[in-house]
Amino acid sequence: MLIFASQFHVMVDDIPPGTDREFGGVINLWLIPEAVFKGVTEPAHQPAAVIGLLTIAILSLWAALASKALRLVPAALLGVVAATAAASSFDLDVRNVPVPERLLDAARAPHLADLDALRDIGVWLAGLSLAFVASAESLLTATAADSLQRHAERTGYNREIIAQGTGNILCGLLNVLPVTGVIVRTSANVMAGARTRLSSFLHGAWILLFVLLLPQLLSMIPVAALAAMLVYTGAKLVKVDVAKDLWRQDRIEAVVFGVTFAGIVGFDLLTGILLGLGASLARLVYTFSHLAIRIEKDDDSKFVHMFLDGAATFIRLPRFASALEEIPPGYDAHIHLGRLTYIDHACLTMLIEWGKNFEAAGGRLHLDRDILHRLFDEQASRSANTT
């Protein structure tokens with residue numbers, strides 16, 4: 001959504017209005033109609049809008065109409081070539097890709113004077129923030145990539161992070177921007193038919209080759225064409241049906257999804273992830289502290305049904321004990337455990353001791369023994385896996 005919103009403005013040769021502003025993602029989304037208006041009515045933005053629409057049209061038609069043999073040519077490559085040819089042929093006034101004349105001029109080794117910055121706590125905090133955000137984004141991208149394809153083996157997350165950390169150490173030593181895995185380039189590879197991780201390496205190799213050997217050719221590519229590709233890909237990556245399915249399956253999980261989404265769009269990736277983690281922890285605390293108790297009592301037959309729903313933990317021990325005390329002595333009591341997801345040692349001990357006293361006073365206790373065994377088998381298995 002962030003990619004779609006920001007690149008929509010770039011597609012009409014405009015600067016995203018939310019750049020370097022609080023709630024930048026929301027601003028970019030809100031002002032998309034303004035970008036459309038500029039692309040339709042203002043001469044300074046119309047050529048870029050035409051290039052953007054041409055690129056999106058080619059991407060859409062190629063995906064829908066091209067035969068299997070023709071699809072060996074990636075739609076993105078065809079769209080960029082066509083947009084570049086159109087911009088050059090009609091001499092359109094559009095912004096082109098800025099390419100440095102000498103790539104090596106962008107890199108330099110650090111000097112001893114640069115090490116003084118390590119005394120600044122702000123530098124360390126910025127570095128840790130970048131490391132966290134880049135790692136989170138790369139792992140999320142890797143997970144999304146695994147869901148997009150079924151050819152390559154699943155991602156080794158440790159290897160992914162070690163490789164990224166090594167690469168970013170080298171980037172720091174060369175005084176260049178840090179690297180991270182991103183979903184757009186990854187999904188573009190998958191959509192183009194890539195089947196192995198070699199595609200990621202070749203992606204970088206082709207960029208390096210063009211920048212080193214053919215910078216003049218790259219400088220002819222309209223920025224609007226590349227932005228249009230990102231708008232098209234971003235729109236395809238927005239899965240509205242996933243949110244709808246999540247809402248139908250588990251509304252609390254859907255709330256976690258919504259909080260994370262709102263945090264990322266409204267603030268930034270780091271804030272969104274932290275808010276999502278907080279919402280997940282809150283849900284976990286609720287799950288392990290929620291116990292619904294319903295009692296149905298028939299005084300004529302002297303039979304009591306108690307239904308437990310949720311997790312019986314020490315947090316709910318007083319309430320559980322109080323509910324058991326509501327069962328009159330001498331009655332038959334059936335405690336239903338079918339909807340109990342967890343019972344800890346404190347609650348189980350209290351239930352057993354209460355049951356002994358209840359039966360000693362003339363009552364009869366019925367427990368779902370098979371369910372108790374299942375709960376304890378699951379808990380034992382959890383403990384063994386944790387160990």
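The values are calculated or read from the model by the stated rules, or taken from the named source; none is laboratory data. Given the structure is predicted, the values throughout are model-derived calculations rather than measurements. Cβ sites come from the backbone with ideal geometry, for glycine too, and all protein chains shown count toward neighbours. The accessibility values were calculated without ligands, DNA or RNA, using every heavy atom of the protein model including side chains. Shrake-Rupley method; radii C 1.70, N 1.55, O 1.52, S 1.80 Å.
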*Which order, highest average first, do 250-258, 271-279 follow once you tally other Cβ atoms within 10 Å for each residue and take the mean per peptide?*
271-279, 250-258
*Using amide H atoms built 1.01 Å from N in the peptide plane, name the residues 5+ places from residue 366, or on other chains, whose amide H lies under 5 Å from its own.*
333, 334, 335
_From Cα pairs below 8 angstrom and at least 6 apart in sequence, can you work out the relative contact order of the stretch 19-171, rounded to a whole percent?_
14 percent
_Angle check, please: helix 240-249 long axis (alpha carbons) against the longest principal axis of the chain (alpha carbons), in degrees 0 to 90, nearest 10._
0 degrees
*Can you list the residues of the stretch 229-260 with backbone N under 15 Å from a point 7 Å past the Cα of residue 200, pointing along Cα to Cβ?*
none
*Return a whole-number percent for the relative contact order of the chain, with Cα pairs under 8 Å and 6 or more residues apart as the contact set.*
17 percent
*Candidates (1) 1.09; (2) 0.98; (3) 1.42; which is the computed Cα Rg over 2.2 N^0.38 Å?*
(3)
*Please give the helix 46-65 orientation as an angle from the longest Cα principal axis of the chain, in degrees from 0 to 90, rounded to the nearest 10.*
60 degrees
*For the stretch 32-129, state the average projected area of the convex hull of the C-alpha atoms over all orientations, rounded to one decimal in nm².*
12.2 nm²
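Ranked highest first by average number of other Cβ atoms within 10 Å, how do 158-166, 43-51, 98-106 line up?
Result, highest mean Cβ count within 10 Å first: 43-51, 158-166, 98-106.
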*Normalised by the number of residues in the stretch 305-346, what is the relative contact order in percent for Cα pairs under 8 Å and 6+ residues apart?*
69 percent
*Of the listed peptides 108-118, 358-368, what is their order by residue-averaged count of other C-beta atoms within 10 Å, with the highest listed first?*
358-368, 108-118
*Which residues in the stretch 301-323 have a backbone N closer than 15 Å to a point placed 7 Å from the Cα of residue 334 along the Cα-to-Cβ line?*
301-308
_With the crude spin-label approximation of a point 7 Å out along Cα→Cβ, what separation in nm comes out for residue 190 versus residue 317?_
4.8 nm
_Just the number please: accessible area per residue for the chain, 1.4 Å probe, all protein chains included, in Å²._
62 Å²
_For the pair residue 115/residue 270, report the inter-label distance in nm, with labels modelled 7 Å from Cα in the Cβ direction._
2.6 nm
*Farthest toward the dipole's positive end in the chain, which of 166, 78, 263, given Cβ charges of +1 (Lys, Arg) and -1 (Asp, Glu) about the Cα centre?*
78
_Set of aspartates and glutamates near residue 244 by C-alpha distance (under 15 Å), chain-local residues within fewer than 8 positions excluded_ = 253
*Can you give the % of DSSP beta bridges in the chain that are antiparallel, to the nearest 5?*
40 percent
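What size of dipole, in debye to the nearest 20, comes out for the chain about its Cα centre when the only charges are +1 on Lys and Arg C-beta atoms and -1 on Asp and Glu C-beta atoms?
Using Cβ point charges on Lys, Arg, Asp and Glu, the chain gives about 960 debye.
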*For a paramagnetic label modelled at 7 Å from the Cα of residue 207 toward its Cβ, which residues of the stretch 112-150 fall within the zone defined by backbone nitrogen distances under 20 Å?*
130-146
*How far, in nm, would the chain grow between residue 108 and residue 27 when pulled straight, counting 0.36 nm per residue and subtracting the alpha carbon separation?*
25.5 nm
*lysines with Cα under 18 Å of residue 38, excluding same-chain neighbours fewer than 8 positions away*: none
*Once the dipole of the chain is set up with Lys and Arg at +1 and Asp and Glu at -1 on Cβ about the Cα centre, which of 341, 4, 129 lies farthest towards its positive end?*
4
*Taking only Cα atoms and a 10 Å spring cutoff, compute GNM fluctuations for the chain and point out the largest among 35, 83, 243.*
243
